[in-house]
Amino acid sequence: MIFSSYEFLLVFFPIVTIVYWIFCTKKLFDAAKIWLVAASFYFYAQGSPSFFPFFLGSVLANYVLGISMCSLQGSSHKLERALILAIGVLGNVGLLGYYKYMNFFLGNLNSIFGTNFPLKSVLLPIGISFFTFQLIAFLVDCYRGLTKEYSILEYLLFITFFPQLIVGPIVHHAEITPQFENEENLRLNFNNVALGIFFFTIGCAKKMLLADPMNESADAFYSSINDSIPIWESWFYTLEYSISYYFDLSGYTDMAIGLGLFFNIKLPYNFQAPWKSRNMQEYWQRQHMTLSRFLGNYIFKNVFKKGVWWRNYYVATMCTFLVSGIWHGAGWNFIIWGIINGLLVCRGAYEKRYNKYPPKVIGMILTFFGIVLTRVIFVAHSIGDAFTVYRSMFSPSAFSSGFSSFLEFFKDQDTLLPLVIIGVLICYLAPTTQEMADSFKADKRHFAFVGVLLTICLLKMNQVVQFLYFQF
């Protein structure tokens, strides 16, 4: 069950929202929260029914471990807290590792040592990469004494709140739990509902009208890589995938933010016009910001130590992006992607440190090529396929098929080429969803805009297309 489906939009979400506010209007606040937790569990179980018992067990076990650490504050209990933290982190990483990386590990073991360990028949549970990070962050904060002893209900609302449960944004307990505790948020706010509809519609349009058709086309190209790819095809389809990837994930985030507003919960923004960045360091400060925040707080800051050369900024950055690459997927291509991004971010940090920025337009052009070229290694089905695409991109022989073939190719892209152009223009010229929301008013103009756009999306919901990040 995904946001852009009839089942969710016309059945699940209206029922959950109406019942929640009925409880709240009768001042049955605990019942309302229990209902929301139950609905969130149901939402997850629909996507990964076989994994749901493990999900439930993991969530409850992490609560017990976290509260245990909260009750053992003080220097005299530091060792006990450290032991509990180690158990919790290893448990979370172990569960993620089994489902996401076991076959990658066994495959490499077989290749290197000539063994014949059978691969596991494991289906990756949805959202496991996202909620695992939230659980680890909760445990680390409990260890550091940055949390209070939340009730089980408050904790479950933070972890399982369905708008952000599957693909984020990755939330922090300190920004979500107080909102559920605030009595003002337990009163229906029609301004938030109107803004929520606006956010949801923008996100739905990004997903369905831009991301889905472009991703389908680009995925077909990357699924059948051959040795004679014309240069224009490799550039076009890689740019197409890069744009569709951005609109798919940012569209999900906008939809999640919109759904949260129906319950007066403000989820954090995840994107801030990343394509307008002047280097890759700035790009990762604007792209998937809640993931960057998590990696910065819990990886970078634990590695970096000012004045220690082997734990300096550049080493900490490379470690952080190595973790990011591994987190994104089980494959050497993701590891290489993480290392390359780490090097590019280090280059951006060098520019900032010595104030050696190129002119803004040049910087944005270089960032554009950084985004597109790193996307090749990210999306290719193998490292061999990635190098085939790179060879096509930069090989003069790729022009051998002739100018007529070039014209014929783009003539066949009469639907997708306009979408790519529109996507690029939106990335560079359009205001962000946050900027649009800041100027939003529940007036006739916005009502007409949302009504038309949402109607178009509803008419296209007969074919459900998963979000790209469901597979990470």
Exercise for review: With the condition kept exactly as written, say whether any residue in segment 145-157 is closer than 25 Å to Ile2 by Cβ and in the same structural domain as Trp21 (by TED's automatic domain parsing).
Suggested key: yes
Review point. Before we move on, is Ser234 crowded, with 20+ Cβ neighbours inside 10 Å and either farther than 30 Å from Leu188 by Cβ or not hydroxyl-bearing (Ser, Thr, Tyr) (or both)?
Key: yes
Practice item. With respect to Ser224, determine if the residue is under 17 Å from His381 (Cβ atoms) and buried (at least 24 other Cβ atoms within 10 Å of the Cβ). Key: no
Review point. Would segment 282-292 turn up any residue that is closer than 23 Å to Leu366 by Cα and either assigned by TED's automatic domain parsing to the domain that holds Ile170 or charged (D, E, K, R) (or both)?
Key: yes
Review point. For Val89, which of the numbered conditions (1) crowded, with 20+ Cβ neighbours inside 10 Å; (2) modelled with pLDDT of 90 or more; (3) among the hydrophobic types (A, V, I, L, M, F, W, C) fails to hold?
Key: (1)
**Study point:** Pick from segment 224-247, criterion assigned to a helix (DSSP H, G or I) and acidic (Asp, Glu), ranking: nearest to the chain's Cα centre (by Cα)
**Key:** Glu240
Point to revise | Residue among Ile339, Ile265 that is modelled with pLDDT of 95 or more and surrounded by fewer than 17 Cβ atoms within 10 Å (Cβ to Cβ) | key: Ile339
Check your understanding: Restricting segment 13-33 to residues that are in contact with a Leu (Cβ under 8 Å, 6 or more places away or on another chain) and more than 23 Å from Met255 (Cα to Cα), which is surrounded by the most Cβ atoms within 10 Å (Cβ to Cβ)?
Key -> Cys24
Exercise for review: Any chance you could count how many residues in segment 293-334 are among the hydroxyl-bearing types (Ser, Thr, Tyr) and farther than 30 Å from Leu106 by Cα?
Suggested key: 2
Review point. Tally time: how many residues in segment 230-252 are modelled with pLDDT under 95 and among the β-branched types (Val, Ile, Thr)?
Key: 1
Practice item. Could you please give the count of residues in segment 372-396 that are farther than 18 Å from Ile231 by Cβ and either touching a Lys or Arg at 6+ places or on another chain (Cβ under 6 Å) or not in a helix (DSSP H, G or I) (or both)? Key: 2
Exercise for review: For segment 277-289, indicate whether the set of residues that are over 23 Å from His172 (Cβ atoms), in contact (Cβ under 8 Å) with a residue 12 or more places away in the chain, among the small types (Gly, Ala, Ser) and in contact with a helix residue (DSSP H, G or I) (Cβ under 7 Å, 6 or more places away or on another chain) is non-empty.
Suggested key: yes
Review point. Can you find even one residue in segment 364-375 that is surrounded by 15 or more Cβ atoms within 10 Å (Cβ to Cβ), touching a Phe, Trp or Tyr at 6+ places or on another chain (Cβ under 6 Å), farther than 14 Å from Ile336 by Cβ and in contact (Cβ under 8 Å) with a residue 60 or more places away in the chain?
Key: yes
Practice item. Just give me the residues in segment 409-432 being within 22 Å of the chain's Cα centre (by Cα) and either under 17 Å from Asn191 (Cα atoms) or not in a helix (DSSP H, G or I) (or both), in sequence order. Key: Ala430, Pro431, Thr432
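To keep it simple, each residue is scored yes or no on (1) assigned to a helix (DSSP H, G or I); (2) among the β-branched types (Val, Ile, Thr); (3) under 27 Å from Ile166 (Cα atoms).
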{"position": "Phe263", "(1), (2), (3)": "no, no, yes"}
{"position": "Asn270", "(1), (2), (3)": "no, no, yes"}
{"position": "Glu282", "(1), (2), (3)": "yes, no, yes"}
{"position": "Lys301", "(1), (2), (3)": "yes, no, yes"}
{"position": "Lys305", "(1), (2), (3)": "no, no, no"}
Study note, to complete from the structure: Here the residues within segment 433-451 that are assigned to a helix (DSSP H, G or I) and either of a type outside the set (A, V, I, L, M) or farther than 18 Å from Gly196 by Cβ (or both) are Thr433, Gln434, Glu435, Asp438, Lys444, Arg445, His446, Phe447, Phe449, Gly451
Study note, to complete from the structure: Going through segment 4-34 in order, the residues found to be free of Cβ contacts under 8 Å to residues at least 60 places away in the same chain, under 29 Å from Asn462 (Cα atoms) and of a type in the set (Phe, Trp, Tyr) are Phe8, Phe12
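The values are calculated or read from the model by the stated rules, or taken from the named source; none is laboratory data. Nothing here was measured: the structure is a model prediction, and the numbers come from that model. Here the Cβ is made from the backbone with ideal geometry for all residues, glycine too, and neighbour counts use every protein chain on show.
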